[in-house]
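Here's the structure we're looking at; comments come further down.
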Amino acid sequence: PMAMAQGNPVPTEGGDPNILNLPEHTTGLGQGVAVEGYGKPSKFEANLQRRQSPGLTQTTQASVSFAPLQSLFGIVTPSGLHFERHHQGWWDIDPSKHRFMINGMVKKNMVFTMDEIMRLPSVSRFHFIECGANTAVDWGNVAVPTVQYTHGMLSCSEFTGVPLITLLELAGVDLKNGKFVLAEGGDGSSMTRTIPMSLITSGEVIVAYGQNGEMLRPENGYPLRLVVPGVQGVSWVKYLRRVEVGDKPYASKDEAIHYMDLQPGGLHRQYTNLQEVKSVVTTPSGGQVLLDKGFYNITGLAWSGKGKIKRVDVSTDGGRNWRQARLETPVLSKALSRFNIDWVWDGKPAIIQSRAQDETGHVQPTYQQLRSVRGTRSIYHNNAIQSWLVQENGEVKNVQVS
Amino acid sequence: PMAMAQGNPVPTEGGDPNILNLPEHTTGLGQGVAVEGYGKPSKFEANLQRRQSPGLTQTTQASVSFAPLQSLFGIVTPSGLHFERHHQGWWDIDPSKHRFMINGMVKKNMVFTMDEIMRLPSVSRFHFIECGANTAVDWGNVAVPTVQYTHGMLSCSEFTGVPLITLLELAGVDLKNGKFVLAEGGDGSSMTRTIPMSLITSGEVIVAYGQNGEMLRPENGYPLRLVVPGVQGVSWVKYLRRVEVGDKPYASKDEAIHYMDLQPGGLHRQYTNLQEVKSVVTTPSGGQVLLDKGFYNITGLAWSGKGKIKRVDVSTDGGRNWRQARLETPVLSKALSRFNIDWVWDGKPAIIQSRAQDETGHVQPTYQQLRSVRGTRSIYHNNAIQSWLVQENGEVKNVQVS
Amino acid sequence: AQGNKYPGVGRDATPKEVAKWDIDVRPDFKGLPAGSGSVAKGQEVWESKCAHCHGVFGESGEVFSPLIGGTTAEDIKTGRVANLNRSDYPGRTTLMKVATVSTLWDYINRAMPWTNPKSLTTEEVYSVTAFMLNLANIVPDNYVLSDKNIAEVQARMPNRNGMTTAHAMWPGNEFAGVKKPDTANKVCMKDCTPEPKLASFLPDFARNAHGNLLEQNRMVGAQHGVDTTKPEPK
Amino acid sequence: AQGNKYPGVGRDATPKEVAKWDIDVRPDFKGLPAGSGSVAKGQEVWESKCAHCHGVFGESGEVFSPLIGGTTAEDIKTGRVANLNRSDYPGRTTLMKVATVSTLWDYINRAMPWTNPKSLTTEEVYSVTAFMLNLANIVPDNYVLSDKNIAEVQARMPNRNGMTTAHAMWPGNEFAGVKKPDTANKVCMKDCTPEPKLASFLPDFARNAHGNLLEQNRMVGAQHGVDTTKPEPK
Ligand code: HEC
Ligand code: HEC
Ligand SMILES: [Ca+2]
Ligand SMILES: [Ca+2]
Ligand SMILES: [Ca+2]
Ligand SMILES: [Ca+2]
Ligand SMILES: [Ca+2]
Ligand SMILES: [Ca+2]
Ligand SMILES: [Co+2]
Ligand SMILES: [Co+2]
């Protein structure tokens, strides 16, 4: 099984040719600065792409592409690999022509240019965004092979923008009666979602233009999107053109037909917006192969829509015994946290799991626990503990245990 | 002077045509997911480029390109806009052929593949990197117009890799006698720099492969570079091929001919590696124009090679009076911190400055204070307070005050 | 009042501007423009502008999941779609799920036809909505839907009683939800479960269904991607 | 000893491998290979492989700053380059700054010629180093530099006493540096200075010297870039 063992054998001929024969880059002159005014990854990184899951949707514009979590590090998602979810396709909008409107239960309806929004007091914060349908395909059974397809509707960025409450106060918002805010996009779908006023007054909801130091990417809502920390991605309305303050929720298409949770008995839970505590091991993970026995660093991501991650435990025996993982700093509220833990693989089958706990004390559930309340026919908000089987031949597979 | 006032006039014809005439992106179908497997910025962001400073160097391969700080947000530098500094050009190295060697005062000299390094316990941390020559051109007098050219040899990323001490311990390092580590690159210059063992044993120095979630960019040392938090960029050896443990410093070309600080009297300070506390306002900044009186958010960056930023104060009257700015979270050790502060511009001339203090209590100096010790002929380590003059016509200029 | 805090930033919206963009329709029909449309007219709209994607009877799954089907006369009485409780029922149509007729009106008005959103007249939206309701046997063939009678239609929506906000997953305090999360796993560290058994995994024939996984992992790293074009080495 | 902690990771380097990569030369000449080279041979190397970039006398500033010049016989005696203390002296050559001859040997050996690094033989490195030292009058025309006599040369380096580590900017405790930073600015908040005067700014003719700054700022934002192709509006 170890036929593919790692390429660092003790040399027989006096040494590794990669050392003894100096490569071109050691004996020549390289390329100049600003050859790429905006640089790109190495050509050897071409395997890292966001990808569609075959057969998941019938069109590409009402669809999703998944981030390659199996090959990512730390907590920042490279903007070029940020997952995508569009309902009516994406656009590259001229920001000088984009307008933002506030209306409804405010003293005065208002209009802003991008220039003006960018003059207001801004905040910069790291937050994860996860589609409510992330890990949906595995609600019932194992359906896809890799963490890209099981958990890849997940990304984390540093967002910069203006707290929505700043803009609402500028318009003279009626905080006594205004309990729900409708956010509306400027694309074809003009995505609409209801946002709780209590989350807005906390200052957490941001009208964002910046992402990872630069502007939002077109696929992620350039030039303006709502950032609703802890809440499923569909509420992070892209190409944001308008917010309306009201006294009742709006039951828009994506909160009255989708993004609802079907419970045993046939009732739907509506307005299930929160992304509860969750984690996943990203390496080793499904579709990978360990080339050798010996030492490995198990690493993964943990997050919670309710605040900071408090701890992550890792099991290599399918959940019988657990060890506490190291959390990388910073551990931020409603952001991804990166965990690492040592592991020596003895070459025998192993089932790797991670289990996160957030600062509210909530512990990520097993599939059994989750299904005992919500059944198996829900689509959204699957935050169950993920299992990866490491086989004797080194191959890692997506499995569920009982 | 306000002829160029901002484009949001109260409409006379019933409304803004950008609102009344629905744009194509509101009435059509957009592009599909994964059209770009690896996405890029909006075409409207083309002005953001890393750039050379005209006349600064005679070649492009022993040169520098500057990051466009005037248009960036938060603390993460987009990897495509990370500043560049090459001594013999950059390369895109095949990572499967790259090797890392440890020799010198260790029990056994060792060789590692990338596969193997990536199996070891890893850490992910945000750190700034600043070239020791950043702001060099302004040591004597104002020489360049914008913050891109004054401060743009500065970037901040989340780095992932293995603490160097882990690797050295694996090789059985002699910590009693080994006081200096030579780091050596694999490019044509095979850049060599002496690293203090005391910084390595602190666990802070990282043999890094990850940058902002993906691999290092070729321009930044793909597939392996040293990360030496708080220390000038030249020590962050790119294309890292070897470290050697020794009992004496190495006086390599870039620590015995350059990156030394010429003091009044003609003596050079050697091994001046630390980047001391520094800050700069990024907007408004030189080369920009304010289009209108009224409210503005002054924003900028602060950092220190000695730890966390404790506070940042901002003056709009050339340093007479100061107000404390808000620091965005997270505030991390040896990373950039983003600050923001409110300002209402009354249309009169104003001189904007920022002044940072780090957790050791050290306060960023004025030009007068710095020059009174180090004179005006040093090249490196200019951390003086920067002044931007906002003129009545709205133009912002790089100035120095007395 | 707060205007002075940020001088120079923003301006009042004009009534025309608000009218142009404020198109949302709420469950209580706030925002619904006056107007009407018949099932017959709706059929014309449907067949010329909708049917090629959604099917003549709203049954097509070729472009998106089916809109119509799975609801019964009994459901219209109870306001609960019985098929949602059948785990063997294949798929869930739009009409099985939606509780609020406003949702249909609002969404068709803002987003359909998919390639040409916001192109329908108010009458067309009323009528095509009426036609869809007719396909689902909620309104009769000769119905004319309008802002006057839409509340009556709401009272016949098959799944109108099918929603609950009694859960812990609304991130605010606006609904009388519950506070306690659904699950209460414990931080157990030792001998937490019996020997685990594999309950679900991908069948062998799906090995390469997502493309060659070797090409979906970095070429270096602690683990490489599995070459799924080859059978698994035993 | 620690090897067991990370089984399977890394292997011993072979002597050949270490020899190939361990090329650094320290100020105490640790790492310097045995060998020698004459000034005369060095001149040949210089003129065929170096002079077109650095100039026949190492004086060229066309590709990089000049290597040779600015040092005197007096400096060789004192070990301090006097011109470094003259603020009117134009530029600082390599030989004015470098204190350690090992630095030259090491760097030429690893990185020069620039387009063809690591192509020189050990003899070529000795000889071209000798030639450069001769250009700077540190060694006589008939000198043969070798691992045996290089310490004597070190004792004649013009700026050998020109370095200090007595500063607070080494981020470790390996040198007997100082702890206190150079400056001690205070967090003063009110009336800290007299009215500031402008002491330095860019001259008008440099307005467009870095290109049009309008095109170097985002097209939207609180501030836009100044159009530097036009004269400043008064
Ligand atoms: C070119 C294809 C196309 C045409 C034409 C089209 N639709 Fe759609 N329709 C879609 C797609 C795709 C979606 C799903 C969009 C999404 O995922 O947000 C959809 C969604 C819907 C929905 C919401 C269904 C749900 O469960 O979310 C309704 C209602 C609807 N269409 C009605 C109509 C009507 C009425 C027309 C004609 C006036 C029409 N459609 C024309 C493609 C089309
Ligand atoms: C094609 C141009 C070119 C050739 C040929 C060349 N050099 Fe250089 N040399 C450079 C450049 C450019 C630098 C600066 C590199 C840097 O910035 O790190 C340099 C730097 C140096 C330095 C260090 C100077 C300093 O102050 O940092 C020395 C010494 C040197 N060269 C010697 C030589 C010798 C000896 C040869 C021939 C054997 C040679 N060079 C051939 C371009 C050249
Ligand atoms: Ca979503
Ligand atoms: Ca540098
Ligand atoms: Ca204005
Ligand atoms: Ca409305
Ligand atoms: Ca091995
Ligand atoms: Ca050595
Ligand atoms: Co490999
Ligand atoms: Co503008």
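Would you pick out the residues in region B:92-134 that are over 21 Å from B:I206 (Cβ atoms) and either within 16 Å of ligand 3 (Cβ to nearest atom) or not aliphatic (A, V, I, L, M) (or both)? Passing the criteria: B:D92, B:D94, B:S96, B:K97, B:K107, B:K108, B:N109, B:N134.
For region B:1-115, the strands (runs of 3 or more DSSP E) that sit wholly inside it and include 1 or more residues that are among the basic types (K, R) are B:84-86, B:99-104. Tallying residues that are part of a helix (DSSP H, G or I) and within 7 Å of another protein chain (Cβ to nearest Cβ) within region B:155-196 yields 2. Is it the case that region D:47-61 has a residue that's within 16 Å of ligand 4 (Cβ to nearest atom), of a type in the set (A, V, I, L, M, F, W, C) and modelled with pLDDT of 95 or more? Among the residues of region D:47-61, not one is within 16 Å of ligand 4 (Cβ to nearest atom), of a type in the set (A, V, I, L, M, F, W, C) and modelled with pLDDT of 95 or more, which makes the answer no.
Just one of C:T121, C:T193 is farther than 29 Å from A:Q386 by Cβ, of a type in the set (V, I, T) and out of contact with any helix residue (DSSP H, G or I) (no Cβ under 7 Å at 6 or more places or on another chain); which is it? Matching residue, one of C:T121, C:T193: C:T121. When each of D:V39, D:V45, D:V9 is tested for being in contact with a Gly (Cβ under 8 Å, 6 or more places away or on another chain), surrounded by 21 or more Cβ atoms within 10 Å (Cβ to Cβ) and among the hydrophobic types (A, V, I, L, M, F, W, C), the lone residue that passes is D:V9. Note on region C:216-233: among residues that are at the interface with chain A (Cβ under 7 Å from one of its Cβ atoms) and modelled with pLDDT under 95, the one that is most open to solvent (accessible area, probe 1.4 Å) is C:P233. The set of residues in region D:34-63 that are in contact (Cβ under 8 Å) with a residue 60 or more places away in the chain and either within 14 Å of chain B (Cβ to nearest Cβ) or within 16 Å of ligand 1 (Cβ to nearest atom) (or both) comprises D:C53, D:G58. Out of B:V137, B:V147, one residue alone is away from chain A (no Cβ under 11 Å), away from ligand 3 (no atom under 16 Å from the Cβ) and open to solvent by 20 Å² or more (accessible area, probe 1.4 Å). It is B:V137.
Residues that are open to solvent by 20 Å² or more (accessible area, probe 1.4 Å) and within 16 Å of ligand 1 (Cβ to nearest atom) are absent from region A:99-122 altogether.
Among the residues of region C:134-142, is there at least one that is polar (S, T, N, Q) and within 12 Å of another protein chain (Cβ to nearest Cβ)? Looking through region C:134-142, none of the residues is polar (S, T, N, Q) and within 12 Å of another protein chain (Cβ to nearest Cβ). Per this entry, C:K77 is not counted among residues that are of a type in the set (K, R) and closer than 24 Å to C:A51 by Cβ.
Checking the structure you have, find out if any residue of region B:220-228 is away from chain C (no Cβ under 14 Å) and more than 16 Å from ligand 4 (Cβ to nearest atom). No, region B:220-228 contains no residue that is away from chain C (no Cβ under 14 Å) and more than 16 Å from ligand 4 (Cβ to nearest atom). Only one of the listed residues (B:D92, B:D16) is without any contact (Cβ under 8 Å) to a residue 24 or more places away in the chain and on the phi < 0 side of the Ramachandran plot. That residue is B:D16.
Within region B:11-25, does at least one residue satisfy the condition of being within 16 Å of ligand 1 (Cβ to nearest atom) and within 28 Å of C:V18 (Cα to Cα)? Yes.
Filter region C:158-170 for residues that are under 14 Å from A:Q270 (Cβ atoms) and of a type outside the set (S, T, N, Q); which is farthest from the other protein chains (Cβ to nearest Cβ)?
Pass one, region C:158-170, residues under 14 Å from A:Q270 (Cβ atoms): C:159-170.
Adding the requirement that they be of a type outside the set (S, T, N, Q) leaves C:160, C:162-163, C:166-170.
Working: C:R160: 11, C:G162: 6, C:M163: 4, C:A166: 8, C:H167: 5, C:A168: 8, C:M169: 4, C:W170: 5 Å.
Within region C:158-170, the match that is farthest from the other protein chains (Cβ to nearest Cβ) is C:R160.
Listed conditions (1) assigned to a strand (DSSP E or B); (2) open to solvent by less than 10 Å² (accessible area, probe 1.4 Å); (3) away from chain D (no Cβ under 14 Å) are all met by A:A384, apart from (1). Exactly one residue among A:T60, A:T77 is open to solvent by 10 Å² or more (accessible area, probe 1.4 Å), under 22 Å from A:T135 (Cβ atoms) and within 21 Å of the chain's Cα centre (by Cα), and that residue is A:T60. For B:F339, the conditions (1) within 23 Å of the chain's Cα centre (by Cα); (2) more than 9 Å from every other protein chain (Cβ to nearest Cβ); (3) surrounded by fewer than 23 Cβ atoms within 10 Å (Cβ to Cβ); (4) assigned to a strand (DSSP E or B) all hold with the exception of (3). Quick one: in region D:12-36, of everything that is charged (D, E, K, R) and surrounded by 19 or more Cβ atoms within 10 Å (Cβ to Cβ), which residue is farthest from D:K118 (Cα to Cα)? Filtering first and then ranking leaves D:R26. Taken over region B:260-279, the criterion of being facing another protein chain (nearest Cβ under 7 Å) and small (G, A, S) is satisfied by B:G265, B:G266. Do you know which of the residues in region B:357-376 that are in contact with a strand residue (DSSP E or B) (Cβ under 7 Å, 6 or more places away or on another chain) and over 23 Å from B:P145 (Cβ atoms) is farthest from the other protein chains (Cβ to nearest Cβ)? Looking at residues that are in contact with a strand residue (DSSP E or B) (Cβ under 7 Å, 6 or more places away or on another chain) and over 23 Å from B:P145 (Cβ atoms), I get B:E359.
Taking (1) within 7 Å of chain B (Cβ to nearest Cβ); (2) buried (at least 24 other Cβ atoms within 10 Å of the Cβ) in turn, A:F128 satisfies each apart from (1). Residues in region D:189-215 that are open to solvent by less than 60 Å² (accessible area, probe 1.4 Å) and more than 7 Å from chain B (Cβ to nearest Cβ): D:P203, D:A206, D:R207, D:G211, D:N212. Mind listing just one residue for me: the one in region C:58-74 that is in contact with a helix residue (DSSP H, G or I) (Cβ under 6 Å, 6 or more places away or on another chain) and on the phi < 0 side of the Ramachandran plot and, of those, surrounded by the fewest Cβ atoms within 10 Å (Cβ to Cβ)? Filtering region C:58-74 for residues that are in contact with a helix residue (DSSP H, G or I) (Cβ under 6 Å, 6 or more places away or on another chain) and on the phi < 0 side of the Ramachandran plot, the one surrounded by the fewest Cβ atoms within 10 Å (Cβ to Cβ) comes out as C:V63.
Take D:D106 and tell me if it is buried (at least 22 other Cβ atoms within 10 Å of the Cβ) and at the interface with another protein chain (Cβ under 7 Å from one of its Cβ atoms).
yes
Out of region B:27-41, which residues are touching a Leu at 6+ places or on another chain (Cβ under 9 Å) and surrounded by 20 or more Cβ atoms within 10 Å (Cβ to Cβ)? Of everything in region B:27-41, those that are touching a Leu at 6+ places or on another chain (Cβ under 9 Å) and surrounded by 20 or more Cβ atoms within 10 Å (Cβ to Cβ) turn out to be B:G39, B:P41.
The values are calculated or read from the model by the stated rules, or taken from the named source; none is laboratory data. Bear in mind the structure is a predicted one, so any value in this text is a computation, not a measurement. Here Cβ is always computed from backbone atoms with ideal geometry, including for glycine, and neighbour counts include all displayed protein chains. In case anyone asks, the SASA skips ligands and DNA or RNA and just uses the protein heavy atoms, side chains included. Shrake-Rupley method; radii C 1.70, N 1.55, O 1.52, S 1.80 Å.
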